[in-house]
Each structure stands twice: as C-alpha cells, then as structure tokens.
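To start, the structure itself, in structure tokens.
Where a number appears in this text, it was derived from the coordinates with a stated rule and is not lab data. These figures come from a predicted structure and were not determined experimentally. Cβ atoms come from the backbone with ideal geometry, glycine included; neighbour counts cover every protein chain shown.
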Amino acid sequence: MKRSLINRKLGKVEKALDKSIEKAEIPGAVVLARMPRDGELLEYDWVRGVSTLRPERLAMSRDTVFDLASLTKTLATTTAIMRLVAEGLISLDDPVCKYLPTFADRSKDEVTIRHLLTHSAGLKPWRGFHELLIQKERKTGERLIGTKEGREWMIDRILRSALVHEPGEAAVYGDLDFIVLGALIEAVTHTSLDDYCRDQIFEPLGMKETQFFPLAVDGASEPVMPEGLRRRVAATENCSWRERILWGEVHDPNAFAMGGVAGHAGLFSTADDVMRFGQCFLDAWHGRSDVLPQEWVKTFSERQRMPESSDWAIGWDTPTPGGMSSSGQHFSERSVGHLGFTGTSLWIDLEREAIVVMLTNRVHMVAKRSRFELRPQIHDFIIEGLTAD
C-alpha cells in the first residue's frame, strides 16, 4: 500500500472544502474519515474555515460543537427505539396508539412504529407549529414558545393530525414522524427524551460531548449551557423571527418551540463523538461489541421496502442507486447514513468498514443556498483516496 498515493488522492478533499469556503457556500467544516486497510486503520481529519463569523469571528477546531439537526433522528431517537425494542418494551410492528392513545384519532390506529421509522406512516412531513404558537401567544398574551405547555400543545396537535396517505403507500421524509417517536419514547420510559438518551446511549458509548441544550423551564429565550461552552459552538442562521444569530441554540424552529428537545432535532455534538457513534454501530454490526445489540443493529440497517421503491432502512437512509445519493457513488449497498439540514452528515459503509463524518455550518451567514453538492463530492474523494492502489 502506498501511503503517499493515498495522501495525494485525499488532497482533493482539502481543496474541495477550501473552494467551497472561498465561494461562500460554507464558513467552515470538520471532516473525519476512517477505514481499515491491509491490517492498518487509516484515519484522516480536515478542519477548515471558521465556526462563527458573527457576532465574532472564531476559527473552526476539531472540538467545535455543531447543531446536528436531523442527525438527532438517528443518533438519538432511532437508537433509543432500538434499545427499547431489544429490551422487549416495544415492538416495531406495534400500533403507535398502543403507547400514545391520542394517536388513534382520525383513523391512524393502523400506523405502526415501523411506519414512523421508515417515513411511510402517512403523516404530513412538516408544519410550522412554531408559527401557530406565536399566533397563540399574541392572542392570549401567554408565553408558550419553549415552555412545557407549548411542547404539550404541539405534540397533541401532531398526534391528532390526519394522514395525507395510507400507511406504507409512500415514503415521504419528514419531521413529524420523529416528533411522535420522541413522545413515544418518553411515554414508554417515563423519562424525558434528553435524559433517556444521555443515560442509555451517549454515556454508555462514551459520547461525552453529545447533548441537547434545553431552554430554561420558565421558557427563557436562551438555552441552558455550561459556562464557556458557547464559544466552542458553531453558529447557524441569522433567524428573522428570533431576531438574532443562533449560537448555541437549536436551529430547527419546531424543536426550539418545543424547548430544545425533540425527536427530530435538537442534538449537539462534535465530529469525534459522531465518529465514536459510527464506530460503535459498525462494531456492533460485526459482532465486535455489545454496547449496541447486534441483532437489532443488523435489522435496523436493512432496507424495509415500505413501499417497494423506498430506500429507507429503519430510521436510516441507504445509498440511492444511480449515483444520486448524498453518500456519493462509492459507498456500498450495505451502507447506512443520514443528513442534517445545518450541513451535517454521517455515512457508514458496513461492508468496507468506512466511516465518514462531515460537519459544517452551512446555514451561517453564507451568500448562497445550494443543494449542497459538496457532500457527495467529499465522500467520493475520500473513498477514492482510501481505496487507491
């Protein structure tokens, strides 16, 4: 194996990141890659750009904390459901209304947990409930955004909502499925979602930098955060309705309205912690670790074909055939991954044992909004580099 050739090939990654920063598509990024080859574990990292441009300019660092956005769905919610299934507390094909009786409203009694995890339940993919709460606040004069009452109102509205298609008829990616799953986890465990994930996932896996940042119980507009941590957090959008740059508070508006803790968004972490999760998942899949249940890791990694054309595994995406996947062209069919709107992603090739973590702050003070084609490009460069002969 020629390490020099690999290093030369991987030089494309740095160039692509720098070009994206120069074009104002992203302020910065932390990218980690790992793959075993010829008895050696190849590990690479790229740290580029800045984590915050305003209100002050701070350089990106390997320990920068990112708003993971929808990676919350996999690292927190999907993994929590997997643990509950492994413990026999729930079953994937249980109707959701068995644990959340209100969900049976409007003919949803046949929707199962598996439907929610594969985005095939038939719920509307998204709705701006934060806007409804703001309207409600204006009418009543009562503070609801970020409060327990506001959270309960939002969950109740979602549980009582109507389906837009029959369960299993289509797979439409969205957030409401996972807001329901977050509520289900809390109903089954009698524990808050953030406390359960901390105790049953993040601490056992050694993910010391991974956490939700809940708002204060009185509905204060700023999250509860340890002293000094904020300067390590990558800032996100200049939010029009919150009238500030989001720095250390969840970007997703519905998650913010729910108090910073939700099944679809709200999790913050570092690249190293996300890599740690990916390695634990991979080791469990290969039977090298019991920190996650191997049987269920394998089950959750399988495409569910709900419907037949869907690429969704259980809570995880898989590579889309034809090179249209965010994973690029080279991740094998036996791969799982997920994205986050703020510019985050995790892809795990279960066969090749390659893991790529890409965390960016793409929504922070950028000049352009693209389809973020940087992701597949970076993944292609990394796999091509690590497999170079």
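Give the order of Leu17, Leu132, Leu41, Leu32 when sorted by the count of other beta carbons within 10 angstrom, beginning with the fewest. Can you show the working numbers first?
Numbers: Leu17 26, Leu132 16, Leu41 9, Leu32 23.
Arranged by neighbour count, lowest to highest, Leu17, Leu132, Leu41, Leu32 become Leu41, Leu132, Leu32, Leu17.
Remark: region 106-123, residue by residue, has Karplus-estimated 3J(HN,Hα) of 6, 6, 10, 5, 9, 6, 9, 4, 4, 4, 4, 5, 10, 6, 10, 5, x, 6 Hz, where x stands for each Gly or Pro and the curve is 6.51 cos²θ - 1.76 cosθ + 1.60 at θ = phi - 60°.
What range in the chain is the longest one free of GluC sites (Glu not before Pro) that are in a loop by DSSP and have at most 15 other Cβ atoms within 10 angstrom?
Details: sites that count: Glu56, Glu87, Glu142, Glu169, Glu227, Glu243, Glu302, Glu308, Glu333, Glu351, Glu373.
It works out to 244-301.
Taking the Cα centre of region 1-134 as origin, work out the dipole magnitude from +1 charges on Lys and Arg Cβ and -1 charges on Asp and Glu Cβ, in debye rounded to 20.
Details: 22 positive and 18 negative charges, 129 e Å.
The dipole of region 1-134 has a size of about 620 debye.
Pairs spanning more than 32 Å between alpha-carbon atoms, out of Lys108/Lys298; Lys19/Lys298; Lys2/Lys298; Lys148/Lys298; Lys124/Lys298; Lys98/Lys148: Lys19/Lys298; Lys2/Lys298; Lys148/Lys298. How would you classify region 132-179 from its alpha-carbon gyration tensor, with a ≥ b ≥ c the square roots of the eigenvalues: rounded for a/c under 1.5, else prolate if a/b is greater than b/c, otherwise oblate? In terms of gyration-tensor shape, prolate. For region 279-289, 3J(HN,Hα) computed residue by residue from phi via the Karplus equation (6.51, -1.76, 1.60; θ = phi - 60°) reads 5, 5, 4, 5, 4, 5, 4, 8, x, 8, 8 Hz, glycine and proline entered as x. Applying 0.36 nm per residue to the separation of His190 and Arg54 and subtracting their alpha-carbon distance, the gain on full extension is 45.0 nm. Counting neighbouring beta carbons within 10 Å and listing from fewest to most, the residues Thr344, Thr52, Thr191 come out as Thr191, Thr52, Thr344.
Under 5 Å between amide hydrogens, built in the peptide plane, is the criterion, and for Cys239 it picks out Arg244, Ile245, Leu246 among residues at least 5 positions away or on other chains. The spread of Cα positions in the chain, taken along each principal axis and listed from longest to shortest, comes to 65, 47, 36 Å. Considering helices alone, the calculated mean residue ellipticity of the chain at 222 nm is -9000 deg cm²/dmol, with DSSP H runs of length four and up weighted by -39500 (n - 2.57) and normalised per residue. Amide H to amide H, with H built 1.01 Å from N, Arg37 comes under 5 Å of Leu42, counting only residues 5 or more places away or on other chains.
On the basis of the beta-carbon distance and an R0 of 56 Å, Ile134 and Arg3 show a calculated FRET efficiency of 0.50.
Each Lys and Arg adds +1 at its Cβ and each Asp and Glu adds -1 at its Cβ; summed about the Cα centre, region 71-207 shows a dipole of about 460 debye. Farthest towards the positive end of the charge dipole of the chain, among the residues Ala24, Thr118, Thr77, is the Cα of Ala24, using unit charges on the Cβ of Lys, Arg, Asp and Glu. Both radii are taken from the alpha-carbon atoms of region 71-207; with Rh as the Kirkwood radius, Rg/Rh is 0.98. Need one word for region 149-201: rounded, prolate or oblate. Basis is the Cα gyration tensor (sqrt eigenvalues a ≥ b ≥ c); a/c below 1.5 gives rounded, then a/b vs b/c decides. It comes out oblate by the Cα gyration axes. Candidates His130, Thr102, Thr140 compared by Cα position along the dipole of region 71-207: farthest toward the positive end lies Thr140, with charges placed on Cβ.
Using the Cα gyration tensor of region 192-295, with a ≥ b ≥ c the square roots of its eigenvalues, what is the shape: rounded (a/c below 1.5), prolate (a/b larger than b/c) or oblate (neither)? Verdict is prolate for region 192-295. For a straight C-alpha distance cut-off of 20 angstrom, the aspartates and glutamates reachable from Lys9 (same-chain residues fewer than eight places away being disregarded) are Asp18, Asp38, Glu40, Glu43, Asp45, Asp349, Glu353, Glu373, Asp380, Glu384, Asp389.
Expressed as a rounded percentage, what relative contact order does region 71-207 have, with Cα pairs under 8 Å and six or more residues apart?
Details: 156 pairs, mean separation 44.8, N = 137.
The normalised contact order for region 71-207 reaches 33 percent.
I want the local charge near Val274. Using Cβ-Cβ distances under 13 Å, sum +1 for each Lys or Arg and -1 for each Asp or Glu among the other residues. List each step's numbers first, then the result.
On the way: positive: Arg34, Arg62, Lys208, Arg276; negative: Asp45, Asp63, Asp67, Glu209, Asp272, Asp273.
Taking every other residue near Val274 into account, the sum is -2.
Cβ crowding within 10 Å ranks Ile90, Ile245 as Ile245, Ile90, fewest other Cβ atoms first.
When the Cα convex hull of region 16-82 is projected onto planes of every orientation, the mean area is 6.9 nm². For the options His364, His115, His165, a Gaussian network treatment of the chain with springs between C-alpha atoms closer than 10 Å singles out His165 as fluctuating the most. Here's the picture: charge each Lys and Arg Cβ at +1 and each Asp and Glu Cβ at -1 in the chain, and of Gly88, Leu359, Ile348 the one pushed furthest to the positive end of that dipole is Leu359. Size of region 249-387: Rg and Dmax of its alpha carbons, in Å, are 15.7, 46. Geometric descriptor of region 320-389, per residue, is 86 Å³ (volume of the convex hull of the Cα atoms).
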